[in-house]
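Visitor: Could you have a look at this structure, given as structure tokens, before my questions?
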Amino acid sequence: MNIQKKYDNNFNKEITSLVKEVAAVYKIKSTNKSISYNDFLNNKMLIVHSIRKGISFSFFKIIKSNAPFTDIEWADFLNISTKSLQRYKNEKKFVFKPIHSEKIIELAEVTNFGNQVFDTTKDFYSWLNTSSIALGAMMPIELLKNSYGKEMVMEELNRIDQGVFV
């Protein structure tokens, strides 16, 4: 089994486990089939319930491994210290508060779409750290600190994906 397939299997197991937990807590219909990362990110109701429940650190680790961001950037996005992030890592069964869970999911959405648009995480990260005229001469990564900026980044990624350049 290659590393990517093993990664995908672990990721799908974690998402499927999360879906079952959320379904049990909120009494929503759950299926026994495995759910993919894209399926999870495309199911807004599942995301809403997952945010309410809180994202576990183990699920965050999987999202983090798919994202190009450093621990310092994650701490900045979540408005917490890097020491707190390290402490959460060492706590067994740590669950982020809903406000942090929402930000983690938002960044997962941006990362997933950005990796699709640019084909590689390296190219996507390079774009994130390059100022953009379309984004007011700011670097896209600077805009990811709040929801409005995240939407601007997603819109710009969509324009790039559609071949519309400003």
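What follows draws every value from the coordinates through simple rules; no lab data is involved. Just so we're clear, the structure is a prediction, and the values are computed from it rather than from any experiment. All Cβ positions, even for glycine, are placed from backbone atoms using ideal geometry, and neighbour counts span all protein chains on display.
Visitor: How many percent of the alpha carbon pairs in segment 33-115 exceed a separation of 20 Å? Don't jump to the answer; show the numbers that get you there.
Guide: Working: 927 of 3403 pairs.
Result: 27 percent of Cα pairs exceed 20 Å.
Visitor: Here is the link list: LYS64/LYS92; LYS93/LYS150; LYS44/LYS92; LYS61/LYS103; LYS92/LYS122. Which ones come out longer than 25 Å on Cα distance?
Guide: Values: LYS64/LYS92 18 Å; LYS93/LYS150 29 Å; LYS44/LYS92 28 Å; LYS61/LYS103 14 Å; LYS92/LYS122 31 Å.
Violating the 25 Å Cα-Cα cut-off are LYS93/LYS150; LYS44/LYS92; LYS92/LYS122.
Visitor: Two-decimal Rg/Rh of segment 55-166 from alpha-carbon positions, Kirkwood Rh?
Guide: For segment 55-166, the value is 0.99.
Visitor: Work out the length of the dipole vector of segment 55-166 about its Cα centre, built from +1 on the beta-carbon of each Lys and Arg and -1 on the beta-carbon of each Asp and Glu, and round it to the nearest 20 debye.
Guide: Values: 13 positive and 14 negative charges, 147 e Å.
Approximately 700 debye in magnitude.
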